[in-house]
Amino acid sequence: MSLDSTDFRTNATGGKQGDETNAQFVSKENILSSSRTVLNWSYLFAHHTKVKVIDNRLQTRFRTFIHKSIIHKRADKGVRKDERPTISGLLFVQGDVTEIQNFLQENFGGLYLAKDCSTGKPAVISDSVMQPFMQMALIEPTRIRFLPHEYGYYSSGNVPVCITSGILEGFVGYRIRINRDRCFILSMGGLAVAVNGIHRDSFENLEEYARHRKEYLQPAGEYGAEMSDGRLDELASCIFKPENQLDVMAIAKILSIWVSKAESLVKAGKYIEAADMALDVMKVAGYNLRTACSESNSYNLNDIDDVCHTLGRLLMSIIKNEAVSSQKRQSVLSMFRSLHELFPFLQVGDVPGSVKG
């Protein structure tokens with residue numbers, strides 16, 4: 001099943017005086033209700049002359065989506081209407097990533113799914129993200145547009161916020177001003193999408209929310225025996241035991257900030273300091289997330305799992321780094337293994353038995 005410009009359309013006006021975008025999406029009435037699958041989405045870029053052939057072939061096995069725009073250009077005898085993909089060569093596909101990639105290799109050798117720069121793996125967009133995006137395209141189309149830079153480009157100097165009402169409730173992103181309009185920037189597999197008119201929705205600053213919730217749920221001095229080490233105080237001051245999904249998202253964001261700090265230390269060659277910080281993150285996260293992870297049916301822990309994957313890769317990069325003495329690497333590995341055994345629910349990956357090299 002293909003969802004293209006016959007389902008979602010963007011009207012734009014262009015001419016000698018420039019282009020003016022005015023989104024006008026049209027959809028089949030059953031576009032949302034007809035989706036019974038919970039498979040995620042991926043996307044790929046192909047040469048614009050081959051997109052139609054690739055799309056038709058993919059449709060024999062997968063659900064696809066191409067976002068198209070209608071461009072109105074001034075001509076000598078009036079206005080000419082031209083339909084084209086909003087982003088040339090961009091094609092969304094719903095299905096198992098491995099199955100899609102194998103299908104592409106069998107039918108179009110050398111064509112690969114686009115990768116998420118933050119993970120180095122094929123970008124994945126959950127259906128829970130695509131569906132609200134499609135719904136907004138139906139109801140308030142003028143609020144949506146794709147941005148030229150990757151999502152991470154917009155993080156500098158901006159604090160993460162979570163939408164707490166409206167169609168995009170639960171989405172996490174950044175609130176910035178573009179062309180005098182306050183916009184919400186969200187990520188779709190690394191692609192940055194701007195939603196304007198953010199003032200219409202309620203939102204929470206996740207960093208402030210986390211600190212306030214920490215003070216309310218777990219006042220200072222109540223971290224437990226495991227948290228008695230003074231050097232953990234700063235980290236523990238903003239991590240708490242979650243009681244709802246917004247708590248989980250806020251904690252995931254705070255943890256990711258600390259993991260990013262550790263990554264910066266690695267880049268600066270401060271490996272042991274980075275390892276200590278990463279291990280502290282794992283310790284505080286494990287202590288506070290035990291209950292939430294044991295009730296996984298109640299919470300969506302994907303964001304937490306993503307942070308833990310990154311944390312595990314960071315620690316393994318230090319353990320395998322021969323620029324660090326074998327004694328220090330063994331010490332890091334020993335602590336890593338102990339925490340992994342204590343908090344097995346944290347998705348940090350496999351932990352080796354000993355240091356090699």
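The values are calculated or read from the model by the stated rules, or taken from the named source; none is laboratory data. Here the structure is a predicted model, which means the values were calculated and not measured. Positions of Cβ are backbone-derived with ideal geometry, glycine not excepted, and every protein chain shown enters the neighbour counts.
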If you go through 260, 294, 264, the only one that is within 21 Å of residue 208 (Cα to Cα), at pLDDT below 85, of a type in the set (S, T, N, Q) and assigned by TED's automatic domain parsing to the domain that holds residue 336 is 260
Taking segment 236-249 and keeping only residues that are crowded, with 19+ Cβ neighbours inside 10 Å and either part of a loop (DSSP other than H, G, I, E, B) or hydrophobic (A, V, I, L, M, F, W, C) (or both), one is left with 236, 238, 239, 240, 242, 246, 248, 249
Across (1) within 19 Å of residue 249 (Cβ to Cβ); (2) surrounded by 18 or more Cβ atoms within 10 Å (Cβ to Cβ), residue 113 clears everything bar (1)
Checking 334, 264, 338, 326 in turn, the sole residue that is small (Gly, Ala, Ser) and either closer than 30 Å to residue 188 by Cβ or crowded, with 18+ Cβ neighbours inside 10 Å (or both) turns out to be 264
Out of curiosity, is residue 273 farther than 27 Å from residue 126 by Cα and either surrounded by 19 or more Cβ atoms within 10 Å (Cβ to Cβ) or touching a helix residue (DSSP H, G or I) at 6+ places or on another chain (Cβ under 7 Å) (or both)? yes
Wholly inside segment 78-193, strands (runs of 3 or more DSSP E) that include 1 or more residues that are at pLDDT below 85 and either closer than 19 Å to residue 55 by Cα or hydrophobic (A, V, I, L, M, F, W, C) (or both) are 78-85, 144-150, 160-163, 172-178, 181-188
**Asked** in contact (Cβ under 8 Å) with a residue 40 or more places away in the chain, buried (at least 20 other Cβ atoms within 10 Å of the Cβ) and under 28 Å from residue 323 (Cα atoms), is that true of residue 252?
**Response** no
Q) Quick one: is residue 104 more than 30 Å from residue 255 (Cβ to Cβ) and among the aliphatic types (A, V, I, L, M)? A) yes
Given (1) surrounded by 14 or more Cβ atoms within 10 Å (Cβ to Cβ); (2) farther than 21 Å from residue 249 by Cβ, residue 98 misses just (1)
The condition from (1) under 22 Å from residue 308 (Cβ atoms); (2) in contact with a strand residue (DSSP E or B) (Cβ under 8 Å, 6 or more places away or on another chain) that residue 161 misses is numbered (1)
